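Undergrad: Take this structure first; my questions come after.
The values are calculated or read from the model by the stated rules, or taken from the named source; none is laboratory data. Being a predicted model, the structure only gives us computed values, none of them experimental. As a convention, Cβ positions derive from the backbone with ideal geometry for all residues, glycine included, and neighbour counts pool all protein chains shown. Quick note on the areas: whole protein, heavy atoms, side chains included, nothing else; ligands and nucleic acids left out. Shrake-Rupley method; radii C 1.70, N 1.55, O 1.52, S 1.80 Å.
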Amino acid sequence: MPEPSARDREKAAQLEPRFAAARLVEALERGWEIHFRCQYCGATSTWGREVMLGKARRYLNCTMCQIQARVPCPRCPGRRPAMWMSGVVEPTDVDRRKWATAAALFEAGLNPAEFGYGWRQQG
């Protein structure tokens, strides 16, 4: 099977606009799992809640597009992995999800206000 061209890799790495603009902290709030597949060696990985609050915490304020540009393959030096998500696209109880996300960020030692969660003074 022939090696994919640069154009083929670019097309495979293209993200849906709504997904590309979502921040990782929003994925945490919505309960998404983020899947990656290297276009060079085929290695796959998945970021769930534990990874998002652990080794990927520095990316919480980044959009998926920014993450795609920064995250290298763990097995080879390949960049721009193919990405997709799984999980609930639109949570039903938004307020409960927001409070649960703020609590999870706080428990992980992060300030929820840095990510747009928590109480804000009115006026």
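Undergrad: Sorted by accessible area (1.4 Å probe), largest first, how do 80, 30, 7 line up?
TA: 7, 80, 30
Undergrad: Along segment 102-116, what does the Karplus equation 6.51 cos²θ - 1.76 cosθ + 1.60 (θ = phi - 60°) give for ³J(HN,Hα), rounded to whole Hz, x for Gly and Pro?
TA: Per residue, the Karplus-derived 3J(HN,Hα) values read 4, 5, 5, 5, 4, 5, 7, x, 10, 8, x, 5, 5, 10, x Hz.
Undergrad: Using a 1.4 angstrom probe on heavy atoms only, work out the carbon and sulfur share of the accessible area of the chain in %.
TA: C and S fraction of accessible area: 52 percent.
Undergrad: Starting from the residue with the highest accessible area, list 63, 92 in decreasing order, probe 1.4 Å.
TA: These residues rank, largest area first, as 92, 63.
Undergrad: In nanometres, what is the gap between the two model label sites at residue 5 and residue 33, each 7 Å from Cα along Cα-to-Cβ?
TA: 3.5
Undergrad: For segment 1-108, what's the relative contact order in percent, using C-alpha pairs closer than 8 Å and at least 6 residues apart?
TA: 33
Undergrad: Full extension from residue 50 to residue 108: what is 0.36 nm times the residue separation minus their Cα-Cα distance, to one decimal in nm?
TA: 19.9 nm
Undergrad: For segment 16-123, which chymotrypsin sites (Phe, Trp or Tyr not before Pro) are in a loop by DSSP, counting at most 14 other Cβ atoms within 10 Å?
TA: Taking segment 16-123 and a limit of 14 other Cβ atoms within 10 Å, the loop chymotrypsin sites (Phe, Trp or Tyr not before Pro) found are 119.
Undergrad: State in Å² the accessible area per residue of the chain; use a 1.4 Å probe, count heavy atoms of protein chains only, and round to the nearest integer.
TA: 65
Undergrad: Just going by the charge dipole of segment 23-123, with Lys and Arg at +1 and Asp and Glu at -1 on Cβ, which of 81, 101, 46 is farthest out on the positive end?
TA: Farthest towards the positive pole: 81.
Undergrad: Rounded to the nearest 0.05, what FRET efficiency do residue 100 and residue 69 have when you use their Cβ-Cβ distance and R0 = 25 Å?
TA: 0.30
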